Amino acid sequence: MPRTCNVVVLLSGTGSNLQALLDSSQAPGNPAQISAVVSNRADAYGLQRAEAAGVPTAVLSHTDYDGRDAFDAALISAIDGYSPDLVVLAGFMRILTPGFVRHYQGRLLNIHPSLLPQYKGLHTHRRVLEAGDAEHGCTVHFVTEELDGGPLVVQAVVPVDSGDTPDTLAHRVHAQEHQIYPLAVRWFAEGRLTLAGSGQVHLDGQPLPATGHVIRH
């Protein structure tokens, strides 16, 4: 039986990706264990999901701190109290300081609703439709100091249909998020996924291409 990998999840909202991770952690032989959920919003529904699963929670409101550096220092202290092997951003709506990112270098993952490096930032579904793109999707990546700019781990690609709206497109992309995020976390927990000092992502000892591992639908 592989060693348990302690995972701390940060979120600000409903926690649908957290739910996917919780469900995946129950799969036989999965060493990924959600050890805590931390939110900057006391009303985040994701906290209720965690509590229903018996996972410890903590709330740190950024409004209680004098600036980003003070908040992130407190956040690091709270996270490290759970001895994490991996920190997962699951809809955590805060831009993290460089010091925070460096502290968790190589063990900090994020998921973004676009085929990075395209469409960094917000409103990705609307922007894809406005551009007339044929494909859209989501990306799991290691976090670096560049917003939505870290090395890519895995992407899921979905076709854009002629009748799509931002909502219908978001629905299909979210369904893929719930597949690839647990997959990437399990890879990491099993020791199969690593980030080299050079910034190169390796899976099973082999370097991944710049696009990461691509799954097409």
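The values are calculated or read from the model by the stated rules, or taken from the named source; none is laboratory data. Small disclaimer: the values here were computed from a predicted structure and weren't measured. Ideal geometry is used to build each Cβ from the backbone, glycine not excepted, and the neighbour counts take in all protein chains shown.
Numbers for the structure displayed
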read-out: Candidates Arg107, Arg94 - the one that is closer than 15 Å to Leu11 by Cα, touching a residue at least 12 places away in the same chain (Cβ under 8 Å) and either assigned by TED's automatic domain parsing to the domain that holds Trp187 or basic (Lys, Arg) (or both); value: Arg94
read-out: Pairs where the first residue, in the stretch 50-71, is more than 17 Å from Leu11 (Cα to Cα) and the second is among the polar types (S, T, N, Q), C-beta under 8 Å, 6+ apart; value: Asp69/Thr97
read-out: Among (1) touching a Ser or Thr at 6+ places or on another chain (Cβ under 8 Å); (2) assigned to a strand (DSSP E or B), the one test that Thr194 misses; value: (1)
read-out: Subset of the stretch 69-96 that is closer than 21 Å to Arg49 by Cβ and touching a Gly at 6+ places or on another chain (Cβ under 8 Å) - its residue that is surrounded by the fewest Cβ atoms within 10 Å (Cβ to Cβ); value: Met93
read-out: Search result, residues across the stretch 34-58 that are polar (S, T, N, Q) and either in contact with a helix residue (DSSP H, G or I) (Cβ under 6 Å, 6 or more places away or on another chain) or assigned by TED's automatic domain parsing to the domain that holds Gly191 (or both); value: Ser39, Asn40, Thr57
read-out: Lone qualifier among Gly99, Gly46 - being assigned to a helix (DSSP H, G or I) and surrounded by 21 or more Cβ atoms within 10 Å (Cβ to Cβ); value: Gly46
read-out: Members of the stretch 6-46 that are over 16 Å from the mean Cα position of the chain (by Cα) and hydrophobic (A, V, I, L, M, F, W, C); value: Ala27, Ala42, Ala44
read-out: Subset of the stretch 172-206 (residues that are at pLDDT 95 or above and either of a type in the set (Lys, Arg) or farther than 28 Å from Ser35 by Cα (or both)); value: Arg172, Arg186, Arg192, Gln206
read-out: Selection count, the stretch 197-217, where residues are of a type outside the set (D, E, K, R) and part of a strand (DSSP E or B); value: 8
read-out: Residue list for the stretch 102-113, restricted to those being buried (at least 21 other Cβ atoms within 10 Å of the Cβ) and touching a helix residue (DSSP H, G or I) at 6+ places or on another chain (Cβ under 8 Å); value: Leu108, Leu109, Ile111, His112, Pro113
read-out: Subset of the stretch 180-200 [free of Cβ contacts under 8 Å to residues at least 24 places away in the same chain and polar (S, T, N, Q)]; value: Ser198
read-out: Leading residue by the ranking (surrounded by the most Cβ atoms within 10 Å (Cβ to Cβ)) among those in the stretch 114-160 that are in contact (Cβ under 8 Å) with a residue 12 or more places away in the chain and small (Gly, Ala, Ser); value: Gly137
read-out: Unique match (being of a type in the set (A, V, I, L, M, F, W, C) and either over 18 Å from Arg186 (Cβ atoms) or surrounded by fewer than 20 Cβ atoms within 10 Å (Cβ to Cβ) (or both)) among Ala36, Ala20; value: Ala36
read-out: Criterion violated by Ser61 - all others in (1) out of contact with any Lys or Arg (no Cβ under 8 Å at 6 or more places or on another chain); (2) at pLDDT 95 or above; (3) exposed (fewer than 15 other Cβ atoms within 10 Å of the Cβ) satisfied; value: (1)
